[in-house]
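Asker: Here it is, the structure, as structure tokens.
The values are calculated or read from the model by the stated rules, or taken from the named source; none is laboratory data. Just so you know, these numbers come straight off a predicted model, no measurement behind them. With ideal geometry, Cβ positions are generated from the backbone for all residues, glycine too; neighbour counts draw on all protein chains shown. Calculation scope for accessible area: heavy atoms of the full protein, side chains included, ligands and nucleic acids excluded. Shrake-Rupley method; radii C 1.70, N 1.55, O 1.52, S 1.80 Å.
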Amino acid sequence: MAEAKNGKKKEDKKAIKSAEKVASKGPAIHLDPPAGTRDFFPADMRMQNYIYGKWKETARLYGFQMYDAPVLEHEELYKRKAGEEITEQMYNFEDKEGYKVTLRPEMTPSLARMVLSLMRAETGEMAALLPLKWFSIPQCWRFETCQRGRKREHYQWNMDIVGVSEVTAEAELLSAVVSFFESVGITSKDVGLKINSRKVLAAVLNAAGVPSDKFAETCVIIDKLDKIGADAVKKDLAKLVGLSAEVSDTIVAATGAKTLEEFADIAGVGESSEVEELRRLFALAEDYGFADWLQFDASVVRGLAYYTGVVFEGFDRAGVLRAVCGGGRYDKLLELYGSKKEVPCVGFGFGDCVVMELLKERKVLPDLGANVDMVVAAYNADMMGKAMNVARRLRLTGKSVDVYPEPGRKVKKAFRYADKVGAAKIAFVAPDEWEKGEVRIKDLRCAVDTPDEKKQCDIPLEKLAELDSFFS
């Protein structure tokens, strides 16, 4: 029996030593999130919600409706064959039922799938009233190199217009982008919007005899100009698309044009309808009142194969950050997914990471401390239930209320707590006032010269809904 006890003691000592050894090495789990992802602590979440709020308010001002879709999508939606980086960056896998799925790398294909579900299969007619003006703030996933303003997961503001073929849709979306920037303190001196049109580039390629089925792939290659340089782009155009050296030289030279007129002249497209459409967009921006944000840039073609017309990209004029936002027209995407006819679509995407970096860079991030309307404190343990009753009454009036968890007579501790959580007022629930059917409430954020009778009031329980009038 003694031996058994001694053996048990030795095992216990070993277990304690083992636990101490593990503890000395630190936590048993990784405390950092996976590479390229983020934790959002309350202070971070306040900032996120600030950005989301501005996005939502801008969308509301422009008459857009919010939608969403599963973060898990069908892999086939993204398996386009035009050499896009996005197809190599998916978090894709086969699920337990054998379906090939992926965490969505972008939202537009999900939107296309949803819009197609609104079509009548037999006629191709839309069951919903056009145009559709939808927006969303999805989380997107891409396995790519992390850098400032770019992570492997991000939240992205998407706004899309379905059913409008005129460039008035592009003008409306560009205006929305500008409205958002202005709402967060960013001006046209901070950010610009580069504008181009794949239709104009298509006219150049058609004139050079490039097959239309090579157009999307050509755009994806040209989009890499800044990354791999002119010589590498020419080499890829010859190797992958089969363009002659002369045509490749013309295209690369044209992308360096500083104005639309210069581009049209170099490319030999002159007064084509494609060029005229782009001029129309700049004229609309002038009338709308945001032309100072725009500039023509022939090198902007965007890296997604499905764009068909006007494309645009927000950029940091200081040159510190990567593309701030981007979008364009994609009239043929729904046909690619099975639509019986072409459906005009245009939209943009706007990532939260780069927006946050931009606001930091321009020093326009707001100070968003914790805050609550009221803290309710109980005089003692016996009054805690009464304090909770007061909290309930206040919440029914729309006030945000935090109940101080430690009942007691030490008022200073309750005050410190109220200050820490950013409370505007504090309510003390004490026996004397309660017997009279009242609660003592003190204003913690009043001006220094506020009269004493306006800093603190004993308010009847039945008049808590009128609380603010006592301090006006």
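Asker: Counting only residues that are in a loop (DSSP other than H, G, I, E, B) and loosely packed, with under 13 Cβ neighbours inside 10 Å, how many does region 401-429 have?
Answerer: 4
Asker: Give me the strands (runs of 3 or more DSSP E) completely within region 317-400, filtered to those with at least 2 residues that are modelled with pLDDT under 95, polar (S, T, N, Q) and closer than 13 Å to ALA427 by Cα, ordered by residue number.
Answerer: Once the strands (runs of 3 or more DSSP E) in region 317-400 are filtered for at least 2 residues that are modelled with pLDDT under 95, polar (S, T, N, Q) and closer than 13 Å to ALA427 by Cα, nothing remains.
Asker: Looking at ALA283 and the list (1) open to solvent by less than 30 Å² (accessible area, probe 1.4 Å); (2) of a type in the set (Gly, Ala, Ser); (3) part of a helix (DSSP H, G or I), which single condition is not satisfied?
Answerer: The failed condition is (1).
Asker: Just to check your reading of the model, which residue among SER248, SER197, SER272 is polar (S, T, N, Q), in contact with an Asp or Glu (Cβ under 8 Å, 6 or more places away or on another chain) and farther than 15 Å from ALA305 by Cβ?
Answerer: Answer to the check: SER197.
Asker: Which residue out of THR145, THR123 is in a loop (DSSP other than H, G, I, E, B), touching a residue at least 60 places away in the same chain (Cβ under 8 Å) and of a type outside the set (A, V, I, L, M, F, W, C)?
Answerer: It is THR123.
Asker: How about region 430-454: which of its residues are farther than 17 Å from LYS399 by Cα and surrounded by 15 or more Cβ atoms within 10 Å (Cβ to Cβ)?
Answerer: ALA430, GLU433, TRP434, GLU438, CYS446
Asker: Quickly run through region 170-205 and pick out the residues that are open to solvent by less than 30 Å² (accessible area, probe 1.4 Å), in a helix (DSSP H, G or I) and closer than 20 Å to GLY349 by Cβ.
Answerer: GLU170, ALA171, LEU173, LEU174, SER175, ALA176, VAL177, VAL178, PHE180, PHE181, ARG198
Asker: Continuing with the same structure: Would you check which residues across region 334-365 are surrounded by 18 or more Cβ atoms within 10 Å (Cβ to Cβ) and small (Gly, Ala, Ser) and list them?
Answerer: Those that are surrounded by 18 or more Cβ atoms within 10 Å (Cβ to Cβ) and small (Gly, Ala, Ser): GLY347, GLY349, GLY351.
Asker: Out of ASP160, ASP213, report the one residue that is surrounded by 14 or more Cβ atoms within 10 Å (Cβ to Cβ) and either on the phi < 0 side of the Ramachandran plot or modelled with pLDDT of 95 or more (or both).
Answerer: ASP160
Asker: Same structure again: Which one is surrounded by the most Cβ atoms within 10 Å (Cβ to Cβ), of the residues in region 315-333 that are touching a Gly at 6+ places or on another chain (Cβ under 7 Å) and among the hydrophobic types (A, V, I, L, M, F, W, C)?
Answerer: The extreme case among them is VAL324.
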